[in-house]
Amino acid sequence: VDRGRCQRLDLSGNARNCFLTGNPDSYRNFIGKGLRCLLDVPNTEVFSNAHHSLGRFCSQSSQPLVEKIPPLQISSAGQLPHHFPACNIRIIRSFHTSPSLQAAPVPLFWIIVKPAQKLFAIILGRSIRNWWKALPPNKRELFKESARKNKWKILLGVSSLGVVFVMFYFTHLEETPITGRARLLVFGKEHFRELSQMEYDMWMEQFKSQMLPETDARYQVVERVVGHLSESNKDVPQVSALNWVIHVVDEPGVNAFVLPNGQVFVFTGLLDAVSDIHQLSFILGHEIAHAVLEHAAEKASLVHFLDFLSLIFLTMIWAICPRDSLAVVGQWIQSKLQEFMFDRPYSRTLEAEADKVGLQFAAKACVDVRASSVFWQQMELAESLQGQPKLPEWLSTHPSHENRAEHLDRLIPEALKIRERCNCPSLSGPDPRLIFRLNMQHLLESSKGREAPNSTKQDPSKPKVDFAHT
């Protein structure tokens, strides 16, 4: 390991006045109302990383990331002492729209023509059904007899069509960056980045009056976290190739996402929701991982491939079903089977992969990676406190909070080894996961002690447990 000189930086781990987040069951979206969290972690110091070999290295940071940042509930009047000079960060505050005569990218074209493809399949299937019904009985028998005689030719034709689809699939397989997983990629990266630019213009038009200036302390916190993650992982070609553009939206929604072209959007509601800067670093590392791993293009490619295959089944459904009403029901069943057997499980796989890579990014930036597991335990607790129904995981596009925390717990030991290889300092203080469990246990005991005995209703003479201020 090439031990480079590390530059010390100081991040506040004080989480006394933090909030819990709600249910994040949408793609790259954290939704919920703030509840003050139970985690009370003493201040910890983390250091920037040094170079190391073993196939990838830790990039050396030349300046501190943050000098004594207060907890993330920062007012817009607060100021941070220095500006982080991340080489991959660009500040863009201008608002513009796409040229009116610009050609639509390939993915957008297929999105537009998808309804037309389904309509064509329905019309074709219905025409085949009507043609078959109009045939006299003797001609139907002749047709069936001809099909039996030529069954091998028909089977060869169907098999040839299947071989074409299989060849198309395997000839469009690529290796996922960092993880090396084989995945289908139909759309070119250039075309999909054009689509990302159109999406970026849409978001900028929607939030143009809510963008925080670069002088705002909350903006600077996000800029430094993203800058430090980018600088610490610049050995990854996909990280250094993108220009990370920061946008902080003054919006109470708890939301953060990164577009495939490197546009980072963070809502101020998220800054109020995370416990500390370690959790914020993990969340942004997770979102950056989505962009680096090109998950948006991968998911669009899979959906496009499955939709094209489903056109064959859609045609067969409308051709075989004797009535239109039955065909509509069959089409609905076919779409739901595709959604719950392929689309949603695949989305959960991509989320788990982004968690893994995002944790690695955070570890190389010398973040306390143990906070990542606590974050999802807080999400689980928040849903329980808010009385939200707990849906089965197979109904969701994201892993359940409990499974996500367990998955991260299994990854944290390897992430801690990455911190060591990056010459990060040892983590001071107790494990935040242990603190969370102890405080949660104490809260439950206090809650039980304040409840009226042998009664399901709250005793009006006794104070009600206020979770938000515990």
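The values are calculated or read from the model by the stated rules, or taken from the named source; none is laboratory data. Note that the structure is a prediction, hence the values are computed from the model and not measured. All Cβ positions, even for glycine, are placed from backbone atoms using ideal geometry, and neighbour counts span all protein chains on display. The accessibility values were calculated without ligands, DNA or RNA, using every heavy atom of the protein model including side chains. Shrake-Rupley method; radii C 1.70, N 1.55, O 1.52, S 1.80 Å.
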- [ ] Please verify whether the stretch 127-150 includes one or more residues that are modelled with pLDDT of 90 or more and surrounded by 15 or more Cβ atoms within 10 Å (Cβ to Cβ).
- [x] yes
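Do the conditions hold for SER240, that is, is it modelled with pLDDT under 95 and either part of a strand (DSSP E or B) or in contact with a strand residue (DSSP E or B) (Cβ under 9 Å, 6 or more places away or on another chain) (or both)? Give the steps one after another, and end with the answer.
Values: modelled with pLDDT under 95: yes; either part of a strand (DSSP E or B) or in contact with a strand residue (DSSP E or B) (Cβ under 9 Å, 6 or more places away or on another chain) (or both): no.
Considered against the rule, which asks whether it is modelled with pLDDT under 95 and either part of a strand (DSSP E or B) or in contact with a strand residue (DSSP E or B) (Cβ under 9 Å, 6 or more places away or on another chain) (or both), SER240 comes out as no.
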- [ ] Quickly run through the stretch 424-436 and pick out the residues that are at pLDDT 90 or above and either touching a strand residue (DSSP E or B) at 6+ places or on another chain (Cβ under 8 Å) or open to solvent by 50 Å² or more (accessible area, probe 1.4 Å) (or both).
- [x] CYS424, LEU434
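When you scan the stretch 359-373, do you find a residue that is aliphatic (A, V, I, L, M), surrounded by fewer than 22 Cβ atoms within 10 Å (Cβ to Cβ) and touching a Leu at 6+ places or on another chain (Cβ under 7 Å), even just one?
So the first thing to find is which residues in the stretch 359-373 are aliphatic (A, V, I, L, M), and the list is 359, 362-363, 365, 367, 369, 371.
Now restrict to residues that are surrounded by fewer than 22 Cβ atoms within 10 Å (Cβ to Cβ): none.
No: zero hits.
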Open item on the list: If I ask for residues that are polar (S, T, N, Q) and open to solvent by less than 50 Å² (accessible area, probe 1.4 Å), which ones from the stretch 185-198 would you list?
Closed with: SER196
TODO: Considering each residue of the stretch 413-423, count those that are on the phi < 0 side of the Ramachandran plot and surrounded by 18 or more Cβ atoms within 10 Å (Cβ to Cβ), and give that number.
DONE: 5
Open item on the list: Take the conditions in contact with a His (Cβ under 6 Å, 6 or more places away or on another chain), under 15 Å from VAL226 (Cα atoms), in contact (Cβ under 8 Å) with a residue 40 or more places away in the chain and not in a helix (DSSP H, G or I) and apply them to PHE257. Does it pass?
Closed with: no
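Out of curiosity, is ALA116 among the hydrophobic types (A, V, I, L, M, F, W, C), in a helix (DSSP H, G or I) and modelled with pLDDT of 90 or more? Reasoning before the result, please.
Values: among the hydrophobic types (A, V, I, L, M, F, W, C): yes; in a helix (DSSP H, G or I): yes; modelled with pLDDT of 90 or more: no.
No.
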- [ ] Identify the residue in the stretch 199-213 that is open to solvent by 70 Å² or more (accessible area, probe 1.4 Å) and modelled with pLDDT of 90 or more and, among all such residues, is nearest to THR268 (Cα to Cα).
- [x] SER209
Open item on the list: Taking the condition of being farther than 25 Å from PHE305 by Cα and either touching a Ser or Thr at 6+ places or on another chain (Cβ under 8 Å) or in a helix (DSSP H, G or I) (or both), how many residues in the stretch 128-168 meet it?
Closed with: 22
Open item on the list: Suppose we filter the stretch 171-212 for residues that are touching a residue at least 24 places away in the same chain (Cβ under 8 Å), over 19 Å from the mean Cα position of the chain (by Cα) and under 23 Å from ALA273 (Cβ atoms); how many remain?
Closed with: 4
- [ ] Would you check if there is a residue in the stretch 219-235 being open to solvent by less than 70 Å² (accessible area, probe 1.4 Å), assigned to a helix (DSSP H, G or I), touching a Gly at 6+ places or on another chain (Cβ under 8 Å) and among the hydrophobic types (A, V, I, L, M, F, W, C)?
- [x] yes
Task: Breaking point among (1) among the hydrophobic types (A, V, I, L, M, F, W, C); (2) open to solvent by 70 Å² or more (accessible area, probe 1.4 Å); (3) not in a helix (DSSP H, G or I), for ILE123 - done: (3)
Open item on the list: Which residue is surrounded by the fewest Cβ atoms within 10 Å (Cβ to Cβ), if the candidates are limited to the stretch 239-249 and must be more than 17 Å from VAL357 (Cα to Cα) and either among the polar types (S, T, N, Q) or touching a residue at least 60 places away in the same chain (Cβ under 8 Å) (or both)?
Closed with: ASN243
- [ ] Name the residue, out of VAL266, VAL303, that is in contact (Cβ under 8 Å) with a residue 24 or more places away in the chain, of a type outside the set (Phe, Trp, Tyr) and crowded, with 24+ Cβ neighbours inside 10 Å.
- [x] VAL266
Task: All positions within the stretch 340-398 that are in a helix (DSSP H, G or I), among the hydrophobic types (A, V, I, L, M, F, W, C) and in contact with a Pro (Cβ under 8 Å, 6 or more places away or on another chain) - done: ALA352, ALA371, VAL374, MET379, TRP394
Open item on the list: Condition first: open to solvent by 60 Å² or more (accessible area, probe 1.4 Å), touching a helix residue (DSSP H, G or I) at 6+ places or on another chain (Cβ under 9 Å), part of a helix (DSSP H, G or I) and among the hydrophobic types (A, V, I, L, M, F, W, C). Can you find one or more residues in the stretch 169-184 that meet it?
Closed with: no
